[in-house]
Amino acid sequence: MKLVLLGPPGAGKGTQAERLVKKHGIPQLSTGDMLRAAVKAGTPVGLQAKAVMESGGLVSDEIVVGIIADRMEEPDAVNGFILDGFPRTVAQAQALDVMLEKKGLKLDGIVELKVDENALMARIEKRAAETLAAGGVVRADDNPDAFKKRLVAYREQTAPVSAYYASRGTLKTVDGMASIDDVTRAIDSVLAG
Ligand code: ADP
């Protein structure tokens, strides 16, 4: 099973990806997680990505396409994967098409979580508060200024990715405002149908 999860920041992609990992036994490939790990480790990619991530902007297509191409070569991704946070631009979607075509692979599903933009900031604030309460470190981009920029990046650069897949008839849309369990059920059902 090869899936793409689309949706704005705070839509619940990570939460649903975790459940899909368990259900299908395939890895979640989150470019956000991979980039945060690179920043933490201080790798060349991390050094390049740090400032733009903290401000809420997008890292260059070249960097993320390279990261995903490498990650898809790892043995655990042979039987499938869930892409979370990638593709985030139409150029990334086109690069993904080329990558998959070369391997003779096809996506089984592209699922978009539709969420009311007004609810997103509140979700991010809740996530930051829960992280703090659990003694964790809040993401550098989970603050109002960076979040506003993430939403603009989403509207301008990532919403067109949904249109790209919709125009090919491969996009499935799920109501991301429903409860976590209901969203999971809705995803299972669009993937089965
Ligand atoms: P969110 O919770 O906002 O969906 P992610 O954890 O997916 O965030 O990503 C955090 C940040 O990492 C993004 O704001 C962006 O700077 C960078 N990033 C992640 N994936 C990509 C991508 N595919 N292209 C460009 N930048 C990315």
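The values are calculated or read from the model by the stated rules, or taken from the named source; none is laboratory data. Note that the structure is predicted; figures quoted are calculated from it, not measured. Here Cβ is always computed from backbone atoms with ideal geometry, including for glycine, and neighbour counts include all displayed protein chains. We work out accessible area using only protein heavy atoms, side chains counted, and drop any ligands, DNA or RNA first. Shrake-Rupley method; radii C 1.70, N 1.55, O 1.52, S 1.80 Å.
For the reader, a short list of remarks on this structure follows.
- Per-residue extension of 0.36 nm, minus the Cα-Cα distance of Ala51 and Glu125, leaves a gain of 24.5 nm for this segment.
- Computing Rg and the Kirkwood Rh from the Cα coordinates of the chain gives a ratio, Rg/Rh, of 0.94.
- Which listed pairs, of Lys13/Lys106; Lys2/Lys103; Lys40/Lys149; Lys2/Lys50; Lys13/Lys114, have C-alpha distances above 19 Å, in listed order: Lys13/Lys106; Lys40/Lys149; Lys2/Lys50
- Unit charges on C-beta of K, R, D, E only; dipole of the chain, Debye: 60 debye
- Relative contact order [Cα under 8 Å, 6+ residues apart], the chain, whole percent: 33 percent
- The modelled label-to-label distance between Met177 and Val98, using points 7 Å beyond Cα along the C-beta direction, is 3.9 nm.
- Under 5 Å, built H, 5+ apart or other chain: amide partners of Glu112: Leu6, Lys172, Thr173, Val174
- Judged by the gyration tensor of its Cα atoms, with axes a ≥ b ≥ c, segment 34-118 is oblate; a/c meets the 1.5 cut and b/c is at least as large as a/b.
- For the pair Arg185 and Leu105, the difference between a 0.36 nm per residue extended length and the Cα-Cα distance amounts to 26.2 nm.
- D by Stokes-Einstein for segment 1-44, Kirkwood Rh over Cα pairs, 4 °C, 1.567 mPa s: 111 µm²/s.
- Carbon-plus-sulfur accessible fraction, the chain (probe radius 1.4 Å, protein heavy atoms only): 54%.
- The chain, accessible area per residue, ligands and nucleic acids excluded (1.4 Å, Å²): 51 Å²
- Amide hydrogen neighbours beyond the local backbone of Leu29, cut-off 5 Å, H modeled: Ile82, Leu83, Asp84
- Computed 3J(HN,Hα) for segment 109-117, one whole-Hz value per residue from the Karplus formula 6.51 cos²θ - 1.76 cosθ + 1.60 where θ = phi - 60°, is x, 10, 10, 9, 8, 8, 9, 5, 3, glycine and proline marked x.
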